[in-house]
Each structure stands twice: as structure tokens, then as C-alpha cells.
Amino acid sequence: MSSQPTTSRPIRCTTCSQPLESPICCTSCGQLNADPIGRCSYFELFGLPVDFDIDEQSLHRTYLSLTRSVHPDVAGHASQEKRHDALAISSEMNRAYLTLRDPVLRAEYLLSLVGEPGTSEDRAVSPDLLGEVMTIREEIEEARQAGDQASLEDLKQQVAAKQQACMESIVSLARALVEKPDARRALRRQLNAIKYWNNLMDRLLPGSDGV
Amino acid sequence: MSDNRDVIVGIDLGTTNSLVAVFDEAGPRVIRDEMGESRVPSVLAFSAEGRVTIGWEAKAHAVENPTSTVFSIKRLMGRGYEELAASGELGHLPYQVVKRVTDSSSRDIAAVNVNGRLMTPPEISALILRELKRRAEAHLGRPVSRAVITVPAYFDDAQRQATRDAGRIAGLEVVRIVNEPTAAALAYGLGLRGQMDRIKAAGSMLTLAGQCPTSRDGADAEAQGRCSKPGGGESLIAVYDLGGGTFDISILRLMDGVFEVQSTHGNTRLGGDDFDREIIGLVQREVGEQFGLEINSPAIRQALRNFAESVKMRLSCDETATIEIDLGQGRRYRRSISRSEFEAMIEPWIAKTLESCRRALADAKVKAAEVDQVILVGGSTRIPLVRRRVEELFGRRPYTALNPDEVVALGAAVQAAILAGEQRDALLLDVIPLSLGIETMGGAMGKLILRNTRIPCQATERFSTFVDGQTNVKINVLQGEREMAKDCRSLGEFELRGIPPMPAGLPKILVTFLIDENGILNVSAREERSGTEASIQIVPTYGLTSDEVKRMEMESYEHAREDMTAHRLIDLRNQIEFDTHKTEQMLAKVGDRLLPDERQKIETAMAELKALAAANGTDADALHKALIEFDRKTVRLAELAITETLRETDRTGVSAPRH
């Protein structure tokens, strides 16, 4: 990917000379480095290649191992300054982890890395979507008011199918992002669309008061 | 534990009871009194002279001093008078809650009127904390100045701030606010590992059953047998925490000593208190219907509360409990309540907790059947209906081997050990329970950090000015899930100051909202064009300003110094004289209703207490303990006497349920 930000990260820790898993901390000696925050990509924080396909289990393992070094509970006692760094680094690490863990957020993030606008700047969706969502939304309200559990269950299946189809499209577009620049607009639309389906699903889940 | 470093205690500041625990070589341990009791009732009795008694003693005298006995103060923490009044909460309290006068119309601070002195909920909670601090110091033989304090996971920022303020007023540095269900999971997880280490050490191949902490009663045998997933792997834990005033559900993933909270949900106004209120409501309604009497004076409400609680507890073991009220003039209200009747009354509350559980599971993106272990926390989880419903939802028997009253305090002590660097292999990763945002144009809630986001976390937002030369910008910070700002809770007005004067819209003010490891919000701001740090003036909507907290801490410190003088001994002797005299009067009046050996026990205890007071010793703590013990022994006598007093004064008596 040509436009991805690059950082020259040291291969070894400047303090203990051990190989680094991540540019922002050394899991061997606990040295923290807040400088790369905002300059290096979430993928790099976890020592991963910039790619939609990631091994979620290995991401989780790396996250836990790094968190053991950067969490303020572990790193925050030494000094006020180190606590400040620990807070900044671990909130960045949390954000990076939560972004990469979730396929939708991961695809959003990849889009932003190639310089595409975010959902707040480009809300475009396919022309039929809004009508379709509106119809289902009304059906949910009607079924809820009538206390019609069978219809609600049926609607839930419908929404789940739409959600899944949209998700599959997101995955294939996100994988093709590097080779096909024209996939970007399509991905933007699908990522906008999944929000509608997720919101509808949210209304159908327990504990939702429909607000 | 290194002696040169100050010990950090773990405190469970509960709605009904509070506990303090420490971590030593043997692991976490709650601090008990000589009677083996770990709980300190979160009840305070204020005398007209300004003396405060806390705990069992205060609870025993609640009926006599209904308006100057404060309980369930946790339900008021971080909440405003207006919202409390609107929620109907205040109607249930015998003591008086008023709106505190403040410097700003946007603030809404509730205070309790204690014999004419207005005390905020953090000041009252500070007195409980001070008592726990004293207890820990007496036990450890050295000063205690740092604590981990637990709060319900669903507490919002204002409620967390209020808890931290209470600690500060009590002279404690609150090194961490930790969520109660998370603390419980920590205690549970550690117990599990401790047990496993012992198994490994023994070199034996045991079945899975052997990997759970030792059960306290036989009923848990089955739950133990099903305790799944041997250590080392990953396990999914649900903590169902139903206390006196609050409910929480948390879903956690435990892997290699790291506790990752996946999601949390709850209700900070749902607990055992509400079940008591169902019983109280029933009695008040029926007495009204049958006799046309309204029984609602503070004293009666307090008395009803006491025995509603005991009816509730009885129904956890027995199938029926009897309520009997002597209304004077030969009128007698009597009825028995069956367990199923009680269950029908509380079923809607339990249903609400189950809705929260489903929501938390959905947020964690897991199914109920995937949960490996369900842990019950809080006294209200002793109710059989609660256990049944939780078991149905998760399809497995909840794990009950840990004492639901003590597990949170134990977890707080574990977290204290982690922070002190004494417990290196465990780590807690928690989440923010409610979304955080700001009021945007048109009164909408603009979410910046979504609920169940792992903490610490931060979000940034750009602001600008509307008017040429504008140097201040006000931001209304909100917490909640609703779409409109007015439906969310305002945490306060944050005013950015010191913006360099520029044409409207030109300044670029970058505001950073950081949720720290305590789940507490920190805000900072910078004007990007000029690079100047903007200062932030925070006017908390429901909380205290840092100056107010400082002043309260000073006042409280002076109080504490007074306590240290000989006044305490004099007060204690006076109190002993008063209490024994009163007990003699009560014995003369209603002593014949006691069983002979009950009466004998009280008389012996009274003689011993008098002898101790007469001995003119200087050990105030010993005297204090003896007095508490004596008061506890006379609870039943006091109940009988109150019935009699109420009958005489109100012509409406309330008797304790029959044993």
C-alpha cells in the first residue's frame, strides 16, 4: 500500500537492547516510548503487516503481552511522568486493539489509511437502502406494539441476513483495497450501510427500549 | 509486604454494609471484629450533641432516632436533589434530604439534614470510611492512608467522583476506584489459581472439581463439579451482583491472569432495598384498607423497614413468615407471607436484572451458553428466586462458594496488592459503563466514547468560537445512551478559558477527554493555532468542587483530632451509663416478654459493661467494642420496647415478626 504511513522503528530497545514487539514499549524492560503515537499505524503498534486479514488470536495475545507492560497499574508507579506516558500509551493501545479486533472498524481504519473520507464526510449509501430500512423499521414498531413475537423473530432473521450479506461484501472489498482503488467507494458505501443494519439489530435485541 | 511502604487497604463501601480487607502473605483477608463479624452496617446515628455512631450500634437504635439515623446513603451519592425528588427515592427515607444552596443555578446538590447541619452524601460516606480506616489501623497496628474503594460497575462519572471525594474527606488517598463485579471476579480468579497451585504442588491428578475453591456448604457440590475449563486456557465469567441498592452484571474473559471485562450493564437504583419496600408497601396498603390508618411516620417507617428486611431474609430459608402489627385499641394486623407471594412481588425487579444480563451478553457478543462460570455477589443473591432465574438464564448452576458479602472487599484487597506491586501476575482491564459525549447544536448528544470501551481510553474533539474575539467556550459534558442531551446526565459544564482573541471560527481548540484507569473523566484543551493550553474550569452538575472537598476534609480532620482527645472516653462512659440505664428501663417494661435465658444474658452483659466502665481504664477502643457488643445483644429487647413506645405515643404499634 503506497500511502500508508511509515515510521522507522528501532528493531531493538534503546535501553535493554532486546528485540521490540512494538515501537511504543519494551516488554523485556518496561521502557515506554510515547513518541510513535499518532505517527505509526495501529498495525505497526502490534508488529503486524497492514492487511485486512489478521490472526485475531495472535492479535489478542500480543495485546495482552503489551498491556502487561504499559497498563498504568503496572507502569504507573514510578513517576508522574511515567504515569502520564502509561495513560497515553495504553489508551492508544486500547483504541488500536478495539479497532483492529472489529472487522468493520478495521476496514474503516484501512480506508482512512489510504486517505478516503470517513463516514462523517461521506454518508452515501446505495439508493434502495434507505427505503428498505425505513420499511423494516416500521414493521418492527408495528410488531412491537402488537406484541407479535413471531413477527419480531422473523424480522430479526431478515435483518441478520442483510447484516451478514453486507458484512461479506465489506470483507471482500477490504481485502481488495490494495489492488483495486475503485473498490474504495464501494467499501465506503457498504460501511455506511452496515451502520443501518446494526442499528436495526440493536432495536431487536433484548433490553432495548426502542429509543 | 514491605513495612517501609504504606499498606493499601481494600474497601467495599456498600449500600447496606461496608467491609475492609487487606492483602498479606496468605492472600486477601477481610478484617473482622472480635465476634468474627466483617460487616459494618452502613448506618450512622447522629446525636443532638454532634456525636456519631456507626455500624451495629447505629442500626440498633434506628427506630428510636428515625430522623437522625442515616442509611443507604450510597443511593444518594453523586445525585442531585431535583432528580432524587423526581425519582420518588426520597419518599422512602425517614431522614430529611434537602437541596443545598450553591453558587450556580446549574448545580444540583443534595444534602442530608442531620440535626440542623447539612451534610452531603460524600461527607456522610466519609464517616463510614473513617470507621473502616480506624478498624484497619487497630487491626494492623499502624496508620492507613491509602485505599482501593469499590463502586457498582454502572456508577456514572458523578457517582465515582463522589466516592473519591468521600475518600479524600476521610483522609484516604483513593489509589483506585474499582468496579464491584470486577473485584469479585478478581477474588474468584485468584482463589481458583491458588487452589490450582496447591494441586500442582501436591503433584496429583485431580478431577476438575478439585480446581475450585473449597465450598462452604454442600449445596455447592454440584456447582463445583461443573466448574469448567482448567487454568491456563481462557474462560468466560459472568458476575451477577445484586446488593442492597444496586445491580450490576459484568462479563469477563480470564486468560493467563488478565481479567478483561467484555461488557457491563446494570441499574444503580435496584437492590434489596426495593424488595423491602415491596413488603412495606403491602403492609401500609393493607393496614389502610382494614383499619383506615395511615402508618407513615418516620419512626414507623424505620420500624417497618427493619422487619421487612427480616421477613425477606426469613423467606430465603423458610416457606412463610408472619407479620404482626399491634395497632392499639385492640386492633391487630396479622398476616403471613408465603415465599411464593414474596417472589411474585419481586419478580418484576428480577426480570429487570435479567434484561440487563441479556444486554450485557449481546454487548459482549457472546451467548449465555458460552459462559463458563456464573458468580453471585451481594446479599440479595441469597434469595432463592434470584438463584433460580440466574440458573435458568445461563443454563448452569451459579458458583456460590465465595461469601457474597465478602468477595468484593477481598477483590479490592487483591487490586490493592496489584497496585502496590505485590501481586504481579494478575491484571484488570475494565470498561466504561456508559457512553460519554458532549451536547451538540440542537441539543443532541454527540457520543465521543461508546459504552463498554476498554479503559483507559481517550477521544479528541475540535471546537471553535462563534463570536469575534471570543476567549471562552462552554462545553456541556454528558453521559448516557439516549439521543438527546436532556435525556442524558450532565456531568458538568466545562469552560475553556484563555483562548487567544481571533475572528469567529478561526481558533482550533482541541479538547481531549481521557477516561483514566479509574473510569474517571479528565479533560484537557489546547488551542492549536497558537499552541496555548486552554485552562478548564469545571462546574460539576451534581458533584463537589475541589475547593469544597478540601474544606470538608479540613473540617473533618479537625473533628478527627477532637475525637482523639479524652473526650472520647468521657463520651463513651456517658453513653454506657445512658444505654445501661435505658436497658434497665426496657427490662422493667417489657423484660417479661423475653425468654428467661435471653434476659439472663442481657443482665450478665450489663453487669460486665458497668464493671468495665467503672474500672476507669484508658482503652477507649476496648470500651467502644464492649458497648457495641452490648448494644447488639439488646437489639431484640429494643425492638420489643419500641413496639410498646409506638403504641403509647402513636397509638399505632409495630411489632417485630414473631420468631
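The values are calculated or read from the model by the stated rules, or taken from the named source; none is laboratory data. Here the structure is a predicted model, which is why all the values come from computation and not from measurement. Please note: Cβ atoms are built from the backbone with ideal geometry, for glycine as well, and neighbour counts cover all protein chains shown. For accessibility, only protein heavy atoms count, side chains too; no ligands or nucleic acids. Shrake-Rupley method; radii C 1.70, N 1.55, O 1.52, S 1.80 Å.
Data table
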{"quantity": "Spin-label pair A:Glu153/B:Lys367, simplified geometry with 7 Å Cα→Cβ offset, distance in nm", "calculated": "1.5"}
{"quantity": "C-alpha long axis of helix B:298-317 to longest principal axis of chain B, angle in °", "calculated": "90"}
{"quantity": "Unit charges on C-beta of K, R, D, E only; dipole of the range B:90-143, Debye", "calculated": "180"}
{"quantity": "Value at 222 nm in deg cm²/dmol, rounded to 500, when DSSP H runs of n ≥ 4 in chain A each add -39,500 (n - 2.57)", "calculated": "-19000 deg cm²/dmol"}
{"quantity": "Free-standing Cys, chain A [no other Cys Cβ under 4.7 Å]", "calculated": "A:Cys25, A:Cys40, A:Cys166"}
{"quantity": "Residue-averaged 222 nm ellipticity for chain B, from DSSP H runs of 4+ at -39500 (n - 2.57), nearest 500", "calculated": "-12500 deg cm²/dmol"}
{"quantity": "With Cα atoms, 0 to 90° folded angle of helix A:183-204 axis to chain A main axis", "calculated": "70"}
{"quantity": "Gap separating the Cα centres of the range B:504-536 and the range B:106-168, nearest whole Å", "calculated": "30"}
{"quantity": "Chains B and A together, accessible area buried on both sides, 1.4 angstrom probe, square angstrom", "calculated": "2400"}
{"quantity": "Signed unit charges on C-beta, dipole axis of chain B, positive-most listed residue B:Gly288, B:Val101, B:Ser338", "calculated": "B:Ser338"}
{"quantity": "Relative contact order (%) - criterion: Cα under 8 Å, at least six apart; region: chain B", "calculated": "15"}
{"quantity": "Accessible-area composition of chain A, carbon plus sulfur, in percent [1.4 Å probe]", "calculated": "47"}
{"quantity": "Positive-pole candidate from A:Ala161, A:Leu191, A:Val178, dipole of the range A:114-211, charges at beta carbon", "calculated": "A:Val178"}
{"quantity": "Those trypsin sites (Lys or Arg not before Pro) in the range A:46-145 that DSSP places in a loop and that have at most 16 other beta carbons within 10 Å", "calculated": "A:Arg123"}
{"quantity": "Distant-in-sequence amide H partners of A:Gln18 (H built 1.01 Å from N, under 5 Å)", "calculated": "A:Cys13"}
{"quantity": "Extension gain from B:Ala504 to B:Glu341, taking 0.36 nm per residue of separation minus the Cα-Cα distance", "calculated": "52.1 nm"}
{"quantity": "Two-decimal ratio, chain A, of alpha-carbon radius of gyration to 2.2 N^0.38 Å", "calculated": "1.26"}
{"quantity": "In Å², nearest 10: area of B:Arg135 left accessible to a 1.4 Å probe", "calculated": "30"}
{"quantity": "Dipole-positive endmost among B:Ala525, B:Ile149, B:Ala166 within the protein assembly as shown (Cβ charges, Cα centre)", "calculated": "B:Ile149"}
{"quantity": "Estimated dipole of the range B:33-150 in Debye, rounded to 20 [Cβ of Lys and Arg +1, of Asp and Glu -1, Cα centre]", "calculated": "320"}
{"quantity": "Angle between chain B longest axis and helix B:121-140 axis [Cα atoms, degrees, rounded to 10]", "calculated": "70"}
{"quantity": "Interchain or long-range residues, amide H under 5 Å from B:Arg269's placed H", "calculated": "B:Phe247"}
{"quantity": "Minimum 30 Å² accessible area buried by the other protein chains, the range B:432-480 residues, probe 1.4 Å, relative to alone", "calculated": "B:Arg454, B:Pro456, B:Gln458"}
{"quantity": "Heavy-atom accessible area order for B:Ser105, A:Ser17, largest first, 1.4 Å probe", "calculated": "B:Ser105, A:Ser17"}
{"quantity": "Given B:Lys133/B:Lys550; B:Lys59/B:Lys352; B:Lys447/B:Lys474; A:Lys82/B:Lys133, the pairs whose alpha carbons are separated by over 22 Å", "calculated": "B:Lys59/B:Lys352; A:Lys82/B:Lys133"}
{"quantity": "Whole-Hz ³J(HN,Hα) from phi, Karplus 6.51 cos²θ - 1.76 cosθ + 1.60, for the range B:344-360, glycine and proline x", "calculated": "5, 5, 9, 3, x, 5, 5, 4, 4, 5, 5, 4, 4, 4, 4, 5, 5"}
{"quantity": "Cut-off under 5 Å, modelled amide H: who pairs with A:Ala124 long-range", "calculated": "none"}
{"quantity": "Phi to ³J(HN,Hα) by Karplus 6.51 cos²θ - 1.76 cosθ + 1.60 over the range B:420-426, Hz, x for Gly, Pro", "calculated": "7, x, 8, 10, 8, 8, 9"}
{"quantity": "Lys, Arg +1 and Asp, Glu -1 on Cβ, resulting dipole of the range B:457-504 about Cα centre, debye, nearest 20", "calculated": "80"}
{"quantity": "Trypsin sites (Lys or Arg not before Pro) lying in DSSP loop within the range B:1-90, provided at most 13 other Cβ fall within 10 Å", "calculated": "B:Arg5"}
{"quantity": "Choice from A:Gln80, A:Gln31, A:Gln164 with maximal GNM fluctuation in chain A (Cα, 10 Å cutoff)", "calculated": "A:Gln80"}
{"quantity": "Bridge type composition, the range B:113-183 - antiparallel percent by DSSP, nearest 5", "calculated": "25"}
{"quantity": "Rounded Å value of the spacing that divides the Cα centres of the range B:291-348 and the range A:28-106", "calculated": "56"}
{"quantity": "Antiparallel content of DSSP bridges confined to chain B, in %, to 5", "calculated": "80"}
{"quantity": "Charge sum, other residues only, whose C-beta stays under 12 Å from A:Ala143's C-beta, Lys/Arg counted +1 and Asp/Glu -1", "calculated": "-3"}
{"quantity": "Order of exposure, largest accessible area first, which applies to A:Thr15, B:Thr53 with probe 1.4 Å", "calculated": "A:Thr15, B:Thr53"}
{"quantity": "Relative frequency of Cα-Cα separations exceeding 46 Å in the protein assembly as shown, percent", "calculated": "30"}
{"quantity": "Peptides ranked, highest mean first, by Cβ atoms within 10 Å: ranges B:121-129, B:629-637, B:529-537", "calculated": "B:121-129, B:629-637, B:529-537"}
{"quantity": "Low-density loop cleavage sites - chymotrypsin sites (Phe, Trp or Tyr not before Pro) in the range B:380-469, where at most 12 other Cβ are within 10 Å (DSSP)", "calculated": "B:Phe466"}
{"quantity": "Solvent-accessible heavy-atom area per residue, rounded to whole Å², over the protein assembly as shown at 1.4 Å", "calculated": "43"}
